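To keep things clear, I will list the structure first and then write my remarks on it.
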Amino acid sequence: MRRYIVAGNWKMHTTLTEATDLATGLRERISGYSDIERVLIPPYPWILPVRDAIAGTDIHIGAQNCYTEPSGAFTGEVSAEMLSAHCSYIIVGHSERRHTIGETNDLIASKVSAVLRAGPRVILCVGETLEEREAGRAERVVSEQVKSALAGRSEQDLDRVVIAYEPVWAIGTGVAASAADAQEMCAFVRSLVDDLFSNYVAGSLRVQYGGSVKGSNSEELLSQPDIDGALVGGASLDADEFAAIVRSASAQVN
Ligand code: PEP
């Protein structure tokens, strides 16, 4: 059985005090849910204080991005090797990096290689824009994103990959995909991995849904057969909301 994974992407939000208060609040609310993998993904400078605030729990820390190279003259960049000292997960290919920063499928594939080389697990984000969906191109776009990032990897590499299906039009808008649409696209992602690797790898792969997940819709989304967790943005900044999402995941397995 695939273990649910609920991850909170704090993006470029929180002051130091807000970050440590949030981590402390989450520690109280979600440290008891060991049946669910829980990951807090703060901005880089708060990784250490957040790690300290949740010390002694089995809540993981993640990073929102990394660079392709292990070290060198790359001013302003942070390597997956550096992050591996504290982070069990690194997000690669978030839509804000694809669409605001301009990261390409090729760069994202190199970053996936970097994370796999360094040791943490990858949360690979894929998803179509509204324009692409309306043009009937959602599957083609997601297929290109998945294949470009994963083709040619080993089956062992895939053990360390989680894919987050995040339709761009649902991120930060308050309008989540319907449970049926989210299920359909997460199942499609799994079928791509089946084609690229094997039935076994596809069956073991964890596919998260992301895009305006909150306490009030998480139960329905997480009860879909091909949705194995959530990547949460806005609602991860509210300890009660994030805890409600973790509880919805836990309710699926208990
Ligand atoms: C995200 O940033 O990955 C995300 C899904 O954001 P939100 O939950 O705010 O839509």
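Coordinate-derived values only; no laboratory data. The structure presented is a predicted model; accordingly, all values stated were derived computationally and were not measured. When we count neighbours, we look across all protein chains shown, and the Cβ atoms used for this are built from the backbone with ideal geometry, even at glycine.
From the residues in the range 187-201 that are over 14 Å from Glu144 (Cα atoms) and not charged (D, E, K, R), which one is nearest to the chain's Cα centre (by Cα)? Checking each candidate, the answer is Ala187.
Set side by side, the residues Thr68, Thr104, Thr17 differ, and just one is over 29 Å from Ser143 (Cα atoms) and not basic (Lys, Arg), which is Thr17. Please determine whether any residue of the range 226-234 is within 15 Å of the chain's Cα centre (by Cα), in a helix (DSSP H, G or I) and closer than 30 Å to Leu16 by Cβ. Yes, the range 226-234 contains a residue that is within 15 Å of the chain's Cα centre (by Cα), in a helix (DSSP H, G or I) and closer than 30 Å to Leu16 by Cβ.
Annotation: of all residues in the range 28-54 being farther than 26 Å from Cys125 by Cα and charged (D, E, K, R), the one that is farthest from the ligand (Cβ to nearest atom) is Asp52.
The condition of being touching a residue at least 12 places away in the same chain (Cβ under 8 Å), away from the ligand (no atom under 16 Å from the Cβ) and part of a strand (DSSP E or B) holds for only one of Ile61, Ile90, that being Ile61.
Flag: Arg38 does not match the condition of being under 23 Å from Gly210 (Cβ atoms), among the basic types (Lys, Arg) and assigned to a loop (DSSP other than H, G, I, E, B).
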